[in-house]
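A.B. asks: Questions regarding the structure given below will be posed in turn.
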Amino acid sequence: MVVPSNSDKTNSTKQNGKHQGRISIFETQASMTDPCISCTTFNILAPVYKRLDTENQSLRESEYRVYWLTRNQSILDWLLCERSSIICLQEFWVGNEDLVHMYENRLSDAGYLNFKLARTNNRGDGLFTAVNKDYFRVVSYRELLFNDFGDRVAQLLHVESVVPLSQNWSSFVQPEILIVNTHLLFPHNSSLSVVRLHQVYKILQYVESYQKENKLKPLPIILCGDWNGSKRGHVYKFLRSQGFVSSYDTAHQYTDSEADAHKWVSHSNHRGNICGVDFIWLLNPDKYQKPLRRGWSEAVFSIIKCQIYKSSLAESDAFASLKADNHGDYITYSGFCKALGQLGLTGHPHGLSIQEMNDLWTHAVTDEIGAVDYKELQQQIWDSTKTEEVLNDIRVDVMRDTEKQAICLNVKNAVLFPPEVEKGMWPENYSLSDHARLTVVFSPVRMSCSLPIC
């Protein structure tokens with residue numbers, strides 16, 4: 001077993017009492033009766049972005065080989081010590097061949113299949129996903145290029161277990177899983193909310209399309225990465241509306257309530273704020289999943305609501321501007337588009353597209369005259385954020401054709417490192433990254449699941 005670097009091991013011991021007293025993920029995994037799989041997500045802070053001097057912002061770690069090499073060797077030590085079934089890394093320095101070869105060689109020697117993907121426009125960093133061959137066979141690997149304002153990308157892996165779920169089962173079952181690794185755009189300002197939401201929408205569209213093209217049976221879906229948004233954000237609420245659960249919150253029985261919003265953190269950002277932005281999302285086949293386009297429209301309505309608040313408009317008169325064409329109590333499409341522009345959601349390269357405005361309008365219009373009652377639209381927008389409160393354990397009531405057997409994943413355990421972040425604090429002497437490492441252990445179970453609604 002590889003031993004972590006002395007400096008970080010000392011820091012962990014100092015901050016957490018006896019390091020050896022903490023139950024690790026791999027110890028938990030080994031103690032379980034049925035086979036378990038584990039997944040780690042970690043933004044490892046690309047050396048081209050890591051600042052070495054707060055006064056000289058241009059001084060980066062990438063200029064000092066001994067610094068970035070030592071830090072990344074320590075990261076690899078931890079990853080190989082933990083030995084998760086799936087490893088998803090963000091801000092991987094794909095532009096440096098020595099670093100790439102170090103990760104590929106050490107992980108390959110440890111039995112991993114490796115996949116890397118650079119961000120578009122030669123941004124220097126990208127994604128890196130490693131799959132342990134002792135657990136999975138890779139059925140397919142796909143790359144998703146957003147080609148958007150942030151040059152973001154995503155990786156999709158379709159994997160199949162190489163071992164049966166349990167010796168106690170009557171049939172030989174090899175579960176399949178869809179895994180996504182991504183890193184969303186940082187919310188530099190509120191105008192980027194639509195971009196971030198659209199990045200997630202593209203991912204879910206791509207996953208949905210992949211399942212249909214390959215005629216796959218219902219599979220668990222795991223979304224890993226740095227989402228650059230907290231539990232209070234639009235991306236979180238959108239994924240919850242689609243039936244996904246935060247694995248870490250599930251393991252620790254945290255809810256979507258404001259009281260639980262800051263129980264843990266995973267990032268100390270360049271603005272000096274600490275926040276929880278790293279997630280391993282899980283969608284099981286037996287969970288309620290509203291139609292994707294409908295969920296996206298409601299998420300955009302939620303952004304509209306927030307923009308109205310920020311414009312200091314009272315709820316009672318906030319929608320007066322929507323009656324832009326002065327058609328009584330009705331709003332036309334042109335008036336609707338004009339109002340979106342007034343709220344800052346259109347008219348710039350990363351705003352809503354014409355097709356997206358059409359989709360929103362189609363979702364809103366219920367009248368044959370091609371217009372919508374502005375009071376109805378007002379109520380629709382104001383109710384758009386309620387869905388996240390009712391989706392935790394809702395099952396599909398409607399059976400399509402016949403009930404089918406599906407493999408689902410139970411969240412058995414989830415751990416953030418360094419341990420202080422689990423209490424909402426950021427340790428000053430933590431130096432591996434500006435993000436915490438999140439690892440989740442899943443237990444595959446065979447259950448009867450209704451097919452999701454399309």
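A.B. asks: In segment 71-107, what residues are without any contact (Cβ under 8 Å) to a residue 60 or more places away in the chain, part of a helix (DSSP H, G or I) and among the β-branched types (Val, Ile, Thr)?
C.D. replies: Matches in segment 71-107: Val100 only.
A.B. asks: For residues that are polar (S, T, N, Q) and surrounded by fewer than 18 Cβ atoms within 10 Å (Cβ to Cβ), scanning just segment 109-133, find the one that is nearest to Leu144 (Cα to Cα).
C.D. replies: Thr120
A.B. asks: Looking at segment 274-301 only, could you name the residues that are small (Gly, Ala, Ser) and surrounded by fewer than 23 Cβ atoms within 10 Å (Cβ to Cβ)?
C.D. replies: Of everything in segment 274-301, those that are small (Gly, Ala, Ser) and surrounded by fewer than 23 Cβ atoms within 10 Å (Cβ to Cβ) turn out to be Gly295, Ser297.
A.B. asks: Kindly indicate whether Arg71 is assigned by TED's automatic domain parsing to the domain that holds Arg152, more than 21 Å from Thr182 (Cα to Cα) and surrounded by fewer than 24 Cβ atoms within 10 Å (Cβ to Cβ).
C.D. replies: yes
The values are calculated or read from the model by the stated rules, or taken from the named source; none is laboratory data. Because the structure is predicted, anything quoted here is derived from the model rather than measured. Cβ coordinates were reconstructed from backbone atoms using ideal geometry, including for glycine residues, and neighbour counts include every protein chain displayed.
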